[in-house]
1. Quick one: which of 253-261, 166-174 comes out on top by average Cβ neighbours within 10 Å, and what's the full order, highest first?
2. Order 277-290, 191-204, 298-311, 33-46 from most to least packed using the mean count of other Cβ atoms within 10 Å.
3. Where the Cα atoms of the range 40-174 are projected onto their three principal axes, how long is each span, largest first, in whole Å?
4. Give me the net charge for the shell around D75: Cβ to Cβ below 11 angstrom, other residues only, Lys and Arg +1, Asp and Glu -1.
5. Tally Lys/Arg at +1 and Asp/Glu at -1 over every other residue whose Cβ is under 11 Å from the Cβ of H261; what's the total?
6. What is the local net charge at E42, summed over the other residues whose Cβ is closer than 12 Å to its Cβ (Lys, Arg +1; Asp, Glu -1)?
7. Straight distance only, please: which lysines reach the Cα of K179 with their own Cα at less than 16 Å, same-chain residues fewer than 8 apart left out?
8. For the range 148-302, what relative contact order do you get, as a whole percent, if you take Cα pairs closer than 8 Å and at least 6 residues apart?
Amino acid sequence: MGIRGSVAVVSDLPLRSSSYSSSRRTHQMPSSKTVSTCAPQEELGTHLFHILGYSQHRAAEAFIWSDKFTVLGHDWRLSFGPLGTAGDIVVAGLHLMGINMKVRASFELRSRLLNQGTGPSLTVHKEASRVFDTNERSRCALCVVKRKLFESTTYLQDDRLTIECIITVSKEPRVTGTKSFPRIEVPPSDIVEHFGKLLETKEGVDVTFSVGGVDLKAHKMVLAAQSPVFRAELYGPMKEGGTEPIVVEDIHPDVFRGLLHFIYNDSLPPFDDLMEDDYGEMIHHLLVAADRYAMERLKLMCQSILCEGLHVQTVATTLALADQHHCDMLKDACIEFIICSNAMDAVAATPGYKNLKRTCPSVVIEALEKTSRIRRA
C-alpha cells in the first residue's frame with residue numbers, strides 16, 4: 001500500500017470484521033406489546049313467588065316452596081315458613097337445587113304489592129355475592145324476618161303475599177383473545193447513509209484537498225461539524241483564504257480517505273484490500289490523523305483496536321505511539337500488558353523497545369523495568 005513511514009509495522013492484530021462499521025450504530029431492542037381484556041359476566045334473574053290464601057298457610061304453620069326457576073342455567077327455589085311456635089318470626093330462603101352444583105351469586109328478597117307492575121316494594125333481605133354449593137351447607141341462604149313486615153296492609157292485600165327474588169349470578173369472566181397493541185414502526189435513522197452517499201456522489205462538494213498529489217473532494221460543512229480543526233481551517237481565522245486545493249502534508253491519501261469515510265459514515269472503512277500487517281499500520285496512521293484533527297471518537301476507536309491486538313512484538317511500538325499522541329488509556333493498557341504477561345525480557349529485545357527508550361520519557365522505562373524486577377524477585 002506504500003504508507004509505511006515513521007510508524008513501524010504492527011503484526012498479530014485481530015482480523016477485520018464488519019463489526020468495526022456496525023459497532024457505532026444504535027440498535028433498538030426488539031419489543032412487542034399485546035393486549036387482552038378480562039370482563040366480568042353476570043346474568044340477572046327475577047322470580048315472583050305469589051302466595052295465595054296467605055292466612056290459610058299461616059294457620060297451618062308449615063313451610064311452603066316455590067317451583068324451580070332458572071337463572072344462568074342453574075335451578076333455584078324459594079322457601080317461606082314460620083320460625084318456632086311463637087309465630088311472629090318467619091324464615092325466607094333461597095336454595096340452589098341439583099347435585100354437585102356450585103355457583104357464585106348475590107340476591108335480594110322483597111315483599112311486593114303488584115299493581116300492574118308499578119306497585120311499591122320493601123326489601124326484607126339483601127346479600128352480597130357469595131358461593132352456593134349443593135354439597136355444603138352453603139346450598140341455601142336464609143333470612144329471619146318479623147312477620148309483621150309481610151302482613152302490613154301495604155303488602156298483604158286480598159289475602160295474597162308476593163315475594164320478589166332478584167338474583168345476580170356470576171359466571172367465568174370473559175377474556176378476549178390477545179391482540180397486538182396498535183403501533184407505528186419508526187425505522188432506524190439512516191442519516192449516516194445519506195451522508196455517506198454525499199461522499200460517494202460528490203454532489204455539492206465545495207472543498208478540495210491535495211494529499212500526496214491526489215485530489216480529494218468534500219463538503220466544508222460536514223467536515224466542520226465533525227472536527228474543530230477542520231472548522232478552524234475552513235471557517236476560522238486560520239482558513240486558507242480561498243486557495244484551492246488545500247495541501248495536506250504528512251498524510252497518505254489512503255489514510256485521508258479513511259478519515260473522510262469516518263466523518264461521513266461514522267464508521268471505519270472495511271479495508272478489505274489490506275493484509276493484516278498493513279491493516280494494523282493503517283490503524284496507527286488513522287490514530288495519528290484523528291489526533292491531528294481532534295476527532296476523539298475515531299481516536300478512541302483506533303485505541304480500542306490496537307489494545308485488542310497487543311502482542312509482545314508490537315506493544316513497545318504501540319506504547320510509543322500512545323505516549324506521543326496523549327492516549328493515556330492505551331498507554332496504561334500497554335504497560336499492564338507487559339506486567340501481566342511477564343515478558344519484559346522478550347519486549348526489551350524488540351526494535352520497538354529500543355525506539356521507545358529514545359523517544360519516551362525515561363520514567364516510563366524505569367517504571368517498566370522496576371516492575372519487571374519485582375515480579376522476578
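1. The peptides rank, most packed first, as 253-261, 166-174.
2. Values: 277-290: 23.1, 191-204: 12.7, 298-311: 19.9, 33-46: 10.8.
Sorting 277-290, 191-204, 298-311, 33-46 by mean packing, highest first, produces 277-290, 298-311, 191-204, 33-46.
3. The Cα atoms of the range 40-174 stretch 46, 34, 22 Å along the principal axes, largest first.
4. Working: positive: K68, R77; negative: D67.
Net of charged neighbours comes to +1.
5. On the way: positive: R257; negative: E200, D254, D266.
Cβ neighbours under 11 Å give a net charge of -2.
6. Numbers: positive: R104, K171, R174; negative: E43, E172.
Net charge around E42: +1.
7. Here the lysines satisfying the reach criterion relative to K179 are K33.
8. Numbers: 132 pairs, mean separation 28.8, N = 155.
So the answer I get is 19 percent.
Every number in this text was worked out from the coordinates using simple rules, so none of it is lab data. Please read these numbers as outputs of a predicted model, since none were measured by experiment. Note: ideal-geometry Cβ built from the backbone for every residue, glycine included; neighbour counts use all protein chains shown.
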